[in-house]
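The values are calculated or read from the model by the stated rules, or taken from the named source; none is laboratory data. Predicted model, so just to flag it, every value in this text is computed and none were measured. Cβ sites come from the backbone with ideal geometry, for glycine too, and all protein chains shown count toward neighbours.
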There are 2 protein chains.
Amino acid sequence: MIDFNALFKITYGLYIVCSGDKSKGNGFISNTVFQVSSEPAKFAASCNKDNLTCEMIEKSGNFSVSVLHKDTNAELIGRFGFRSGKDFDKMESLNVTFGETGVPIVRDASIACLEFKVVDQLDVGTHILFIGELVSAELIEKDLEPMTYAFYREVKKGLAPRNAPTYIDKEKLQEKTAVKEKSIYKCAACGHIYDSNEEEIAFEDLPGDWTCPVCGVEKEDFIKV
Amino acid sequence: MIDFNALFKITYGLYIVCSGDKSKGNGFISNTVFQVSSEPAKFAASCNKDNLTCEMIEKSGNFSVSVLHKDTNAELIGRFGFRSGKDFDKMESLNVTFGETGVPIVRDASIACLEFKVVDQLDVGTHILFIGELVSAELIEKDLEPMTYAFYREVKKGLAPRNAPTYIDKEKLQEKTAVKEKSIYKCAACGHIYDSNEEEIAFEDLPGDWTCPVCGVEKEDFIKV
């Protein structure tokens with residue numbers, strides 16, 4: 001028997017994983033970055049096959065990891081977690097440097113930055129698990145705490161993007177809360193509330209290309225509350 | 001350039017990973033258990049090749065994960081993290097059940113228990129990364145918080161076992177603290193202090209088979225303080 005609520009007790013951090021080069025970079029919000037061996041230090045990062053960054057990691061053989069601090073704003077998480085880089089330059093106007101391998105590294109809201117060279121990869125179904133050997137590591141903010149996924153979910157009220165390995169379809173949760181049929185929606189990235197009772201147009205009638213006025217994520221990333 | 005202090009900003013939980021069957025089970029303390037794909041739910045667990053549990057996972061094709069709560073006592077962590085199952089039955093006197101696959105599952109101090117069937121594995125050098133498909137998941141304590149590795153290190157003053165993927169040789173840390181040559185040692189598992197000035201025998205002169213009087217770990221797992 002599988003109670004998917006048990007999976008919420010697994011601890012994760014929150015990171016921006018980037019790849020590409022100086023001409024074009026892209027990244028996504030990840031909670032699955034972890035060290036898998038010590039000598040030499042190797043890390044694993046799980047990446048959805050549909051992500052543009054996945055293609056870029058396969059092509060360049062490099063990726064970077066920016067460890068986000070606890071008070072990272074919703075706009076940055078929304079930009080990397082809920083928008084696609086296929087039609088939008090996620091790096092625009094951010095503080096980005098380039099590592100020894102040439103990979104872009106996002107420094108906004110980051111307390112540590114790591115850079116990896118891919119040494120192996122494993123197809124795990126919906127995702128590819130990239131194994132990277134540590135090339136460089138920089139501690140930017142010694143005294144700031146990292147954002148944990150639990151903090152993001154419980155305090156920041158954030159949700160997993162659909163491409164995350166930890167995304168769980170609400171239908172699967174055994175303890176379903178009865179959802180009333182009110183037309184109030186919440187942005188999964190920044191928490192912005194769209195209350196149809198207070199707007200001229202009901203949420204359902206908004207055009208498909210409507211985006212969150214606060215953080216810019218797409219309409220389909222709003223959740224009924 | 002690699003500053004190993006940056007690696008401490010990566011977030012982990014703390015788990016007991018077990019394998020074996022009803023006749024013989026074994027387990028180790030792990031901080032690297034992560035979901036890597038969503039449909040079906042697959043997890044990765046990194047296991048040092050020197051661990052007895054590693055052999056058992058390869059042989060049985062199954063493993064279990066017990067998510068430890070925040071106030072797990074040092075004795076349980078010492079038993080699974082700092083002692084070898086090669087000469088000691090780690091399961092003795094514990095609350096152990098057996099999963100659908102027959103794998104032992106430790107329930108002591110556990111807030112959730114997961115059970116996996118190995119579907120793939122990857123050699124990452126010192127460790128093997130096992131990919132397990134979720135067979136069963138049980139939420140035991142809905143309201144208790146999981147132990148995070150940061151909490152274990154900072155509040156509980158625990159150290160990484162040498163076989164952990166996140167073990168870092170202190171020589172590698174760039175910000176070395178000047179260690180005075182006093183003969184005071186601390187148990188890496190439970191924090192017990194051995195102060196040679198207050199004992200009849202200096203720590204260095206204790207026999208090789210001497211173990212921690214509190215939690216039973218070996219002499220070599222004491223750290224000079």
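See the values below:
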read-out: Selection count, segment A:121-137, where residues are among the acidic types (Asp, Glu) and within 14 Å of residue A:41 (Cβ to Cβ); value: 1
read-out: Among the residues listed as A:2, A:111, the single one being within 13 Å of chain B (Cβ to nearest Cβ), over 16 Å from the mean Cα position of the chain (by Cα) and closer than 23 Å to residue A:157 by Cβ; value: A:111
read-out: Residues located in segment B:32-58, provided they are touching a residue at least 24 places away in the same chain (Cβ under 8 Å), outside any strand (DSSP E or B) and either touching an Asp or Glu at 6+ places or on another chain (Cβ under 6 Å) or farther than 13 Å from residue A:7 by Cα (or both); value: B:32, B:40, B:49, B:50, B:51, B:52, B:53, B:54, B:56, B:57, B:58
read-out: Where residue B:107 falls short, out of the listed (1) within 16 Å of residue B:68 (Cα to Cα); (2) buried (at least 18 other Cβ atoms within 10 Å of the Cβ); value: (2)
read-out: Residue match in segment A:85-96 (condition: under 23 Å from residue A:148 (Cα atoms) and within 14 Å of chain B (Cβ to nearest Cβ)); value: no
read-out: Residues satisfying the stated conditions in segment A:137-163, i.e. within 11 Å of another protein chain (Cβ to nearest Cβ), hydrophobic (A, V, I, L, M, F, W, C) and part of a loop (DSSP other than H, G, I, E, B); value: A:140, A:144, A:147, A:160
read-out: Residue check, residue B:217 within 14 Å of another protein chain (Cβ to nearest Cβ) and either at pLDDT below 80 or touching a helix residue (DSSP H, G or I) at 6+ places or on another chain (Cβ under 9 Å) (or both); value: no
read-out: Hits in segment A:15-32 (condition: out of contact with any Ser or Thr (no Cβ under 8 Å at 6 or more places or on another chain) and within 13 Å of chain B (Cβ to nearest Cβ)); value: none
read-out: Which listed residue, of B:11, B:101, is within 14 Å of chain A (Cβ to nearest Cβ), under 14 Å from residue A:10 (Cα atoms), of a type in the set (Val, Ile, Thr) and in a loop (DSSP other than H, G, I, E, B); value: B:11
